[in-house]
1. With the requirement that a residue be of a type in the set (Phe, Trp, Tyr) and either surrounded by 14 or more Cβ atoms within 10 Å (Cβ to Cβ) or more than 20 Å from ALA190 (Cα to Cα) (or both), what does the stretch 100-138 give you?
2. For the stretch 225-249, give me each residue that is surrounded by fewer than 20 Cβ atoms within 10 Å (Cβ to Cβ), of a type outside the set (A, V, I, L, M, F, W, C) and part of a helix (DSSP H, G or I).
3. If you scan the stretch 73-87, which residues turn out to be under 17 Å from PRO183 (Cα atoms) and crowded, with 18+ Cβ neighbours inside 10 Å?
4. Using beta carbons and a limit of 6 Å, which pairs, at least six apart or on different chains, have the first residue in the stretch 176-188 and under 14 Å from ASP135 (Cα atoms) and the second one at pLDDT 85 or above and among the aromatic types (Phe, Trp, Tyr)?
5. If you check ALA190, ALA208, which single one turns out to be over 18 Å from VAL103 (Cα atoms) and either polar (S, T, N, Q) or modelled with pLDDT of 85 or more (or both)?
6. I need the full set of residues from the stretch 17-54 which are open to solvent by 50 Å² or more (accessible area, probe 1.4 Å), farther than 22 Å from ALA275 by Cα and either touching a residue at least 60 places away in the same chain (Cβ under 8 Å) or more than 27 Å from the chain's Cα centre (by Cα) (or both), in order please.
7. Checking MET283 against (1) closer than 23 Å to THR181 by Cα; (2) aliphatic (A, V, I, L, M); (3) in contact (Cβ under 8 Å) with a residue 12 or more places away in the chain, which single condition isn't satisfied?
8. Consider ASP222 against the criteria (1) open to solvent by 40 Å² or more (accessible area, probe 1.4 Å); (2) under 26 Å from LEU117 (Cα atoms): it satisfies all of them except one. Which criterion is unmet?
Amino acid sequence: MIERRPLLDLLTHLMLLVGVAATCFPIWIALVASTHPPERLSQRPLPLWFGDHGWETFSTLLLTDVGQAGGVSITTMLLNSLIMAVGITVGKIAVSLTAAYAVVFFRFPFRFLCFWLIFITLMLPVEVRILPTYDVVAGFLKPAQAAWTWVEGDSWLSRLLGYEVVVAIPNGLLDSYWGLTLPLIASATATFLFRQIFLTVPDELVEAAKIDGAGPWRFFVDILIPLSRTNIAALTIILFIFGWNQYLWPLLMTTDVQMTTVVMGISRMLNTDTALPAWNLVMGTAILAMLPPVIVVLAMQKLFVQGLTEREK
């Protein structure tokens, strides 16, 4: 028998409405503020309805360089953030899948030790390892540069080729997409989650794959990855948002304004010394910065929910 409680249902819906309003109200204010001139936004109270400067604001952001962001266009910042987020997402999932596959299905010495060494990195906060990581990335390929210095100047290779050969790697991986993504592609959490998923695969399925002649690579691609589809989708959303929202690491890794991410751009637009921030441009940039994560969540919403709630394969 289903018991109906109208008062309880009403209270539940009121709580949901309050939660939705508390979540969406700042977004609404940002969207409304992007359609008003900066002078209006410096007055009180703030407007709660759209103005007539929305086209001007978004055309300025999309078609011109934003001076408050260091003279880089919003499209460049969005592209940098997209490349970084996609690179981190694909790298983390690929590394975590293969690491979990090796730990669960291969018998090699110290495999449990390897897994716990990966897992123990969760106890290290980012602040502890960010400077050593920066030092490694900044010095990447420096030994190769030192090994090849003999080809500079008057060498037999220079005389053979007819011109001077110089190998220069002054900044390692700084100011590059490789530097933004490679140090962040390892994920102990994703490795642990995939390991737990692979442990639920019955031994009979592994034996059946062996009888059918499936090698390790075919078993991984044709069986394990399809079984992990919903979990991969859930992790894709989480990791994409993680990569998209990165601020401290791109701030350390980049000095070229053309490598500015959208989160860094918003921060630079806010930190103006000579004048008040152009709030309409700041709010418009924030709205544009929200669109890619929202699109990813909406596109993979069904698989995301399945990946978080599914218990049996």
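The values are calculated or read from the model by the stated rules, or taken from the named source; none is laboratory data. Note that the structure is predicted; figures quoted are calculated from it, not measured. All Cβ positions, even for glycine, are placed from backbone atoms using ideal geometry, and neighbour counts span all protein chains on display. These area figures cover heavy atoms from the full protein model, side chains too; ligands, DNA and RNA do not enter into them. Shrake-Rupley method; radii C 1.70, N 1.55, O 1.52, S 1.80 Å.
1. First, the residues of the stretch 100-138 that are of a type in the set (Phe, Trp, Tyr): 101, 105-106, 108, 110, 112, 115-116, 119, 134.
Result: TYR101, PHE105, PHE108, PHE110, PHE115, PHE119, TYR134.
2. Result: PRO226, ARG229.
3. Filtering the stretch 73-87 for residues under 17 Å from PRO183 (Cα atoms) gives 80-87.
Passing the criteria: ASN80, SER81, MET84, ALA85, VAL86, GLY87.
4. Close Cβ pairs satisfying both conditions: none exist.
5. Working: ALA190 fails: over 18 Å from VAL103 (Cα atoms).
Sole residue among the options that is over 18 Å from VAL103 (Cα atoms) and either polar (S, T, N, Q) or modelled with pLDDT of 85 or more (or both): ALA208.
6. LEU17, VAL18, ALA21, ILE27, LEU31, LEU48, TRP49, PHE50, ASP52
7. (1)
8. Going through the list (1) open to solvent by 40 Å² or more (accessible area, probe 1.4 Å); (2) under 26 Å from LEU117 (Cα atoms), ASP222 breaks only (2).
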